[in-house]
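The structure appears right after this line, and notes come after that.
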Amino acid sequence: MEKITITIDGKTVEAIKDQPVLMAAKENGIDIPALCHHPELENSGGSCRVCLVEAIQGGRSRIVTSCNYPVRKGLEIRTDTEQVRNIRKGVIELLLCRVPDSEVIQNLAAKYGIKEPRFFTDEGESDRNKCIACSLCTQVCEDVVGVSAISMQNRGRDKAPGTPYHKDSSVCIGCGACAYACPTNAISMKDEKGVRKIWGKKFKMVACSVCGKPYIPEAQVNWIVRTTGKERSFFDKCPDHR
Ligand code: SF4
Ligand code: FES
């Protein structure tokens, strides 16, 4: 890991060569809005475009997505110029048109002074979902969990994750990693009376032997036991009582 110094908003900061500018900024307490980047997923990011910044290198200035732009020697980053704010504002307006019901996007829009999007929004679609088609959920399912229960389906405005043929997935373990990763809370997951409901399927939960709280789907325990060789008894207690 080669450490180098770069400039962000006029401040000289230390960063790791090739790490995403977004991460370097975060590690140095500089906040850049970002929705579709996950630090544990190498190929995540580049889709929502709210993390745009100005990058100046070798006298050349470009607007780039900071989540996948690598830190290099001599790089100067500007995260909050008028130009950057205006472009980012336009991106957020478009997202607001796409998912007007998403509280995450509504809050981001409010932060940028957007009350009503200037762009056309279809009427009568107030109950449409909150998905911005970033693919984080499918990547987490495939690359982190290793299950691939969902995939991105359709194109354009209809692009969204789903199970094959929108039927109950035969491989989903109900772990909820997709819902936790989703930046706009677009995936519905409900835990009720010892049962988790996600992707239209019900999963029986295992209860903690100490506090009695159902905390993990049985199918997820089976998956972990099968793929890692962990003792089943490990899951008798929830993380708080181990
Ligand atoms: S459900 Fe969430 S994580 Fe998945 S594509 Fe849509 S916005 Fe991204
Ligand atoms: S966080 Fe960079 S494009 Fe979405």
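What follows draws every value from the coordinates through simple rules; no lab data is involved. Fair warning: this is a prediction, and the values are worked out from it, not measured in the lab. All Cβ positions, glycine included, derive from the backbone under ideal geometry; neighbour counts span all protein chains shown.
Tally time: how many residues in segment 43-67 are without any contact (Cβ under 8 Å) to a residue 60 or more places away in the chain, assigned to a loop (DSSP other than H, G, I, E, B) and more than 22 Å from ILE92 (Cβ to Cβ)?
We begin by selecting, within segment 43-67, every residue without any contact (Cβ under 8 Å) to a residue 60 or more places away in the chain; these are 45-46, 49-67.
Narrowing further to those that are assigned to a loop (DSSP other than H, G, I, E, B): 45-46, 49-51, 58-59.
Checking which are more than 22 Å from ILE92 (Cβ to Cβ) leaves us with 58-59.
Qualifying residue count for the region: 2.
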State all residues of segment 94-118 that are among the acidic types (Asp, Glu) and touching a residue at least 40 places away in the same chain (Cβ under 8 Å); if no residue qualifies, say none. GLU103
Might you let me know whether segment 224-232 holds any residue that is closer than 16 Å to CYS175 by Cα and acidic (Asp, Glu)? no
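How many of the residues making up segment 96-114 are assigned to a loop (DSSP other than H, G, I, E, B), more than 20 Å from ILE32 (Cβ to Cβ) and not charged (D, E, K, R)?
Looking only at that region, the number is 2.
In segment 1-60, what count of residues is obtained for those that are acidic (Asp, Glu) and on the phi > 0 side of the Ramachandran plot? Show your work before the answer.
Here is the first cut: in segment 1-60, the residues acidic (Asp, Glu) are 2, 9, 14, 18, 27, 31, 40, 42, 54.
With the extra rule that they be on the phi > 0 side of the Ramachandran plot, the set shrinks to 9, 18.
Of the residues in segment 1-60, 2 are acidic (Asp, Glu) and on the phi > 0 side of the Ramachandran plot.
Anything in segment 136-158 that is within 16 Å of THR184 (Cβ to Cβ) and loosely packed, with under 15 Cβ neighbours inside 10 Å? List them, or say none. Walk me through it before giving the result.
Within segment 136-158, the first condition is being within 16 Å of THR184 (Cβ to Cβ), and the residues that meet it are 136-140, 150, 152, 157.
Matches in segment 136-158: ARG157 only.
Restricting to segment 174-221, give me the number of residues that are aromatic (Phe, Trp, Tyr), in a strand (DSSP E or B) and within 22 Å of GLU142 (Cβ to Cβ).
Just the residues of segment 174-221 that are aromatic (Phe, Trp, Tyr), to begin with: 180, 199, 203, 215.
From the residues that got through so far, the ones that are in a strand (DSSP E or B) too are 203, 215.
Next, from what is left, pick out any that are within 22 Å of GLU142 (Cβ to Cβ): 203.
Going through segment 174-221 one residue at a time, the tally reaches 1.
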Restricting attention to segment 129-154, report how many residues are within 16 Å of ligand 2 (Cβ to nearest atom) and either in a loop (DSSP other than H, G, I, E, B) or aromatic (Phe, Trp, Tyr) (or both). 6
